[in-house]
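The values are calculated or read from the model by the stated rules, or taken from the named source; none is laboratory data. Keep in mind the model is a prediction, meaning the values are calculated, not measured. With ideal geometry, Cβ positions are generated from the backbone for all residues, glycine too; neighbour counts draw on all protein chains shown.
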Amino acid sequence: MSALTLLDATPEGTVDFEFLIDERYANINGVMHGGAAGVIFDMCTTTALGPLARPGFWECVLLIIPPPFSRFRL
């Protein structure tokens, strides 16, 4: 992501980013695509949480993708 710049980070888990939103991240209405916003948010918050990680912090449950139109609970 060449448009994302890390400005500052602390061991306490805070980060400051600068991000240039251009046409690559827009939907057909000319506003930021929700999927792009989600991915960017995920990347930035993971960077903030990294310094707080301890053994076992990143362990997770395997999520199996269900068939279309099925219900599941997380």
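A few notes on this one:
- Annotation: of all residues in region 1-51 being in a helix (DSSP H, G or I) and touching a residue at least 40 places away in the same chain (Cβ under 8 Å), the one that is surrounded by the most Cβ atoms within 10 Å (Cβ to Cβ) is CYS44.
- Within region 1-21, restricting attention to residues that are modelled with pLDDT of 85 or more and among the acidic types (Asp, Glu), the residue that is farthest from THR47 (Cα to Cα) is GLU18.
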